[in-house]
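To start, the structure itself, in structure tokens.
The values are calculated or read from the model by the stated rules, or taken from the named source; none is laboratory data. Bear in mind the structure is a predicted one, so any value in this text is a computation, not a measurement. For neighbour counting, all protein chains shown are included, and Cβ atoms are generated from backbone atoms with ideal geometry for every residue, glycine included. Side chains included, ligands, DNA and RNA excluded: accessible areas come from the protein's heavy atoms. Shrake-Rupley method; radii C 1.70, N 1.55, O 1.52, S 1.80 Å.
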Amino acid sequence: GAVVSQHPSWVICKSGTSVKIECRSLDFQATTMFWYRQFPKQSLMLMATSNEGSKATYEQGVEKDKFLINHASLTLSTLTVTSAHPEDSSFYICSAGTPGNEQFFGPGTRLTVL
Amino acid sequence: EDQVTQSPEALRLQEGESSSLNCSYTVSGLRGLFWYRQDPGKGPEFLFTLYSAGEEKEKERLKATLTKKESFLHITAPKPEDSATYLCAVQAANSGYALNFGKGTSLLVTP
């Protein structure tokens with residue numbers, strides 16, 4: 001299957017700082033990428049849909065000014081958590097869609113806000 | 001509202017003991033139903049996509065089937081390395097390709 005990478009795999013930051021997470025599709029071009037978050041023992045919840053060259057579409061309840069998404073190229077999308085607080089601590093996972101409608105997920109980024 | 005319900009929540013099998021996981025769904029126009037495997041602390045690993053009732057797909061010890069209301073993931077003669085959480089997700093025709101996930105079934109296969 002196709003490969004999606006995320007960086008960093010884990011990050012610890014102080015409350016009030018911003019954190020950027022990168023998602024890359026390594027061997028295919030993804031016109032659409034998705035950002036999910038997953039709390040312990042729970043399933044994945046969609047945060048936003050990111051299309052190359054256009055503004056992201058956020059799910060209800062997700063603050064677009066707090067979770068900034070940029071999809072600058074067909075292989076790279078970034079999620080920036082601005083002014084992070086402890087309640088933002090979670091497992092953030094991106095996925096990339098192929099032209100054949102398969103969705104491949106990255107390995108995830110564990111964010112801990114102190 | 002689209003809903004995905006997976007059962008059981010947890011399943012413990014002995015090695016070689018075949019079983020099935022269930023994914024019941026309600027969606028306003030199904031574009032696709034996806035199965036993933038997720039190991040602790042890792043991202044989901046793609047297994048299958050099913051598009052229409054009656055469709056079946058197989059991969060090693062796994063076989064996925066689809067009806068108009070539910071999907072089954074059959075595990076034949078499981079091995080300990082099959083232990084993981086299995087996630088089902090639906091993609092609605094009007095969802096813009098986003099996935100709506102169930103809560104998953106945690107499978108433990110003991111030697």
query: Are any of the pairs B:K57/B:K79; B:K69/B:K103; A:K55/B:K69; B:K42/B:K79; A:K41/B:K57 more than 24 Å apart by Cα-Cα distance, and if so, which?
result: A:K55/B:K69; A:K41/B:K57
field: DSSP-assigned coil residues among trypsin sites (Lys or Arg not before Pro) in the stretch B:68-111, each with at most 16 further Cβ atoms within 10 Å
entry: B:K68, B:K69
message: Given N residues in chain A, what is its alpha carbon radius of gyration divided by 2.2 N^0.38 Å?
response: 0.99
- prompt: Separation between the B:S7 and A:D65 pseudo-spin-labels, each 7 Å from Cα along Cα→Cβ, expressed in nm?
  reply: 4.5 nm
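Ballpark to the nearest 100 Å², how much total accessible area do B and A bury together, probe 1.4 Å?
1300 Å²
So for the stretch B:30-111, Kirkwood radius off the Cα pairs, Stokes-Einstein at 20 °C and 1.002 mPa s: how many µm² s⁻¹?
Using the Kirkwood radius from Cα pairs, D works out to 162 µm²/s.
Taking the Cα centre of the stretch B:46-111 as origin and charging only Cβ (+1 Lys, Arg; -1 Asp, Glu), how large is the dipole, in debye to the nearest 20?
Computed charge dipole of the stretch B:46-111: roughly 120 debye.
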- request: Convert 37 °C to kelvin, take the viscosity as 0.692 mPa s, use the Kirkwood radius over C-alpha pairs of the protein assembly as shown as Rh, and evaluate the Stokes-Einstein diffusion coefficient in µm²/s, rounded to a whole number.
  value: 182 µm²/s
task: Compute the accessible area of each residue in the stretch A:78-114 twice, once for its chain alone and once with every protein chain present, using a 1.4 Å probe on heavy atoms, and list those whose area falls by at least 40 Å².
output: A:N101, A:Q103, A:F105
- request: Please state the charge dipole magnitude for chain A, taken about the Cα centre, from unit charges on C-beta atoms (+1 on K and R, -1 on D and E), reported in debye and rounded to the nearest 20.
  value: 240 debye
message: Let me spell out the model: positive unit charges on the Cβ of Lys and Arg, negative unit charges on the Cβ of Asp and Glu, origin at the Cα centre of the protein assembly as shown. What dipole size does that give, in debye rounded to 20?
response: 260 debye
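For chain B, what relative contact order do you get, as a whole percent, if you take Cα pairs closer than 8 Å and at least 6 residues apart?
37 percent
Can you tell me, using C-alpha contacts under 8 Å and at least 6 residues apart, the relative contact order of chain A as a whole percent? It would help to have the intermediate numbers written out before the result.
Numbers: 284 pairs, mean separation 42.1, N = 114.
After rounding, I find 37 percent.
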